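The values are calculated or read from the model by the stated rules, or taken from the named source; none is laboratory data. Here the structure is a predicted model, which is why all the values come from computation and not from measurement. Here the Cβ positions follow ideal geometry from the backbone for every residue, glycine too, while neighbour counts run over all protein chains shown.
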Amino acid sequence: METLDIHEILQHLPHRYPFLLIDRVTECEPGNYLIGYKNVTYNEPYFTGHFPQRPVMPGVLILEALAQATGILAFRTVGKIPDENSLYYFVGVDNARFKQPVNPGDQLQLKVTYVKQKRGIWKFIGEASVDGNVVCSADLMCAEREMI
């Protein structure tokens, strides 16, 4: 079982502030699953416009955080660190469900489980939770592509 700090995460994802949505990986079993965290703080840039009277993390960003976790798991599974010509795209989502809002101060736990990989499309089951309560679940599809 592997853990990754922010420096190792940055090696696997091209995202940077304000769009890097995973802070730490506490468990990674390549070819199986990954558990990571996003610390949701009040000074996230989207809170100024997403219900300023009652800030809520946008659901699409929760899905993006799960997709970023799949990128790390996929690259760890194949034993590869992406280079500047490699991009890992979020290409599909099915069965997305949002159970409760995510607020500033929450710690979002991201769990992604590998399902299969076929013709360059990776499939995962994703689940985001706060304090043990599921806030979002979805089936995610992603693909690695070379930049042209």
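A few comments on the model shown:
- Among the criteria (1) without any contact (Cβ under 8 Å) to a residue 40 or more places away in the chain; (2) in a loop (DSSP other than H, G, I, E, B); (3) under 27 Å from E8 (Cα atoms), the one K123 does not fulfil is (2).
- None of I35, I22, I9, I62 is in contact with an Asp or Glu (Cβ under 6 Å, 6 or more places away or on another chain), hydrophobic (A, V, I, L, M, F, W, C) and closer than 21 Å to D106 by Cβ except I35.
- Members of the stretch 28-45 found to be assigned to a loop (DSSP other than H, G, I, E, B) and surrounded by fewer than 18 Cβ atoms within 10 Å (Cβ to Cβ), listed by number: P30, G31, N32, T41, Y42, N43
- Residue that is farthest from G126 (Cα to Cα), among those in the stretch 1-10 that are outside any strand (DSSP E or B) and modelled with pLDDT of 95 or more: H7
- Scanning the stretch 1-16 for residues that are of a type in the set (V, I, T) and under 14 Å from the mean Cα position of the chain (by Cα) yields I6, I9.
- For the stretch 31-55, the set of residues classified as farther than 19 Å from E127 by Cβ and touching a residue at least 12 places away in the same chain (Cβ under 8 Å) consists of T41, Y42, E44, P45, Y46, F47, P55, listed by residue number.
- If the condition is being among the polar types (S, T, N, Q) and farther than 12 Å from V112 by Cβ, then the stretch 13-71 contributes T26, N39, T41, N43, T48, Q53.
- The set of residues in the stretch 1-16 being surrounded by 11 or more Cβ atoms within 10 Å (Cβ to Cβ) and under 17 Å from D83 (Cβ atoms) consists of E8, I9, L10, Q11, H12, L13, P14, H15.
- Of the candidates F19, F98, the single residue that is loosely packed, with under 15 Cβ neighbours inside 10 Å and of a type in the set (A, V, I, L, M, F, W, C) is F19.
- Residue in the stretch 46-92 that is surrounded by the most Cβ atoms within 10 Å (Cβ to Cβ), counting only those that are of a type in the set (V, I, T) and part of a loop (DSSP other than H, G, I, E, B): V56
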